[in-house]
Amino acid sequence: MKLTPRNIIHHEIIGLDTKVVDSTNKSLIGIEGRIVDESKNIIVVDDGQERKIPKSCSSFSFTLSSINSKRYLPLKIKVDGRLLLSQPENRIQTKFKKKFRK
């Protein structure tokens with residue numbers, strides 16, 4: 001499955017570039033780097049040193065690369081960390097909930 005903004009919470013996030021854009025712990029805001037590990041409640045970001053960031057109290061901006069019309073277009077997606085709260089192997093296996101419009 002291709003990584004898109006619509007399925008990022010059901011996809012593997014290790015290896016993506018991220019930045020903490022909001023957190024209840026103000027010292028975590030602005031940390032950016034590559035995700036090197038993930039557990040149920042923690043994301044480990046390498047920004048020269050490995051930092052553990054709790055998912056439940058943080059919002060993340062993920063950078064995805066998109067090649068469109070021979071140009072490199074980075075996509076930035078903001079995700080509330082509470083949407084990522086689960087074991088990575090279980091989150092990846094969850095099915096999408098379809099939204100029906102009437």
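The values are calculated or read from the model by the stated rules, or taken from the named source; none is laboratory data. In this text, all values refer to a predicted model and were calculated from it rather than measured experimentally. Here Cβ is always computed from backbone atoms with ideal geometry, including for glycine, and neighbour counts include all displayed protein chains.
Restricting attention to region 20-40, the residues that are more than 9 Å from the chain's Cα centre (by Cα) and either surrounded by 15 or more Cβ atoms within 10 Å (Cβ to Cβ) or not in a loop (DSSP other than H, G, I, E, B) (or both) add up to 14. The residue pairs whose first member lies in region 13-24 and is of a type in the set (A, V, I, L, M), whose second member is part of a loop (DSSP other than H, G, I, E, B), and whose beta carbons are closer than 6 Å, counting only pairs six or more residues apart or on different chains, are VAL20/ILE29; VAL20/ILE31.
One residue stands out in region 1-19 among those that are basic (Lys, Arg) and not in a strand (DSSP E or B): the one that is farthest from LEU75 (Cα to Cα), namely LYS2. Residues in region 66-102 that are under 17 Å from GLU12 (Cβ atoms), in contact with a strand residue (DSSP E or B) (Cβ under 6 Å, 6 or more places away or on another chain) and of a type outside the set (A, V, I, L, M) were compared, and the one that is modelled with the lowest pLDDT is PRO88.
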